């Protein structure tokens, strides 16, 4: 159905409110529009208001981009520096298949010689790119320290205005289709060109990238040994924009959603003060691992001036393990990241280091 001019104006008003005032005002504007009123209470014919998220790529950006951190990062974060910590090569490549084309950045550590190395696929959040995400997470430094290859797929702005991975679209939640086929294709291309240990291939991401990391783990368990989800959402929690908005706000999981037995381990990070993706989403991600939950450690952190956190381990009935970190007082940002990248929280525990520890302890056994 074609949206009338009033509804289009309402969406533009909502974008402007998001930019100038914040998510609460923008949310209210969109709710008025969807209920038949634009930002100025001008009536919109409900019949002409779309009932499906066919325009999600145009206006879901307002609901899937990270919130502005307390200390805003520069608009153009510095690219990762190449010093003693990152002496490897960071190169740009392009992958194409029937679903489209995506660029990606590839970091090959200087320690890469003849032995097959692990591979970690890193999926950035909305408004970010590979260089920004590499700088913020410092994953290239981790690659040198622990000996693994890192690949950073870049979402195309043509696919989503704010460069969000389209985790909430049904067409991008299926194996060998849409964006999952592109990410898996990039992964396999790197594995074909470099000596990669196929039992130690992992995927991780932030926000929309975190949600897409869970999509990849669930749709390609034969490819990825484990996943890391930071400030993300569970696979299957949304089948379009309306349910995505509900999930991000902390809505209940769909009634018809069932938790299949987990096939692969995962590690989850989420700030309990996140107002962009509600912290309840972390619990949804680890819900399939509900056979046993143990609180491993609760850190005060007050003496060092760092954020407190609660770390838990979860064990599914079939023995597959998960680990979750609730970071107290943290918002929508990569925990322990560098200020050289956007949407990072340097005062939190180092999510990149903990993910690498978890990944290397969980190779794919079958």
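For the Cα trace of region 141-267, dividing Rg by the Kirkwood Rh returns an Rg/Rh value of 0.97. For the pair residue 339 and residue 91, the difference between a 0.36 nm per residue extended length and the Cα-Cα distance amounts to 87.0 nm. Packing around the peptides 173-179, 108-114, taken as the average count of other Cβ atoms within 10 Å per residue, puts them in this order, highest first: 173-179, 108-114.
Potential lengthening of the chain between residue 101 and residue 239 amounts to 47.3 nm, from the contour at 0.36 nm per residue minus the alpha-carbon distance.
Please work out how much length the chain gains when fully extended from residue 188 to residue 328, using 0.36 nm per residue of separation minus the C-alpha to C-alpha distance, in nm with one decimal.
46.7 nm
Working from Cα pairs under 8 Å separated by at least six residues, relative contact order for region 167-215 is 34 percent.
Can you tell me how region 89-360 classifies by the Cα gyration tensor, rounded, prolate or oblate, using a/c under 1.5 as the rounded cut? Here region 89-360 falls in the rounded category.
Taken together, the values in this text are just the output of simple stated rules run on the coordinates, not laboratory data. All values derive from a computational prediction rather than experimental measurement. Cβ coordinates were reconstructed from backbone atoms using ideal geometry, including for glycine residues, and neighbour counts include every protein chain displayed.
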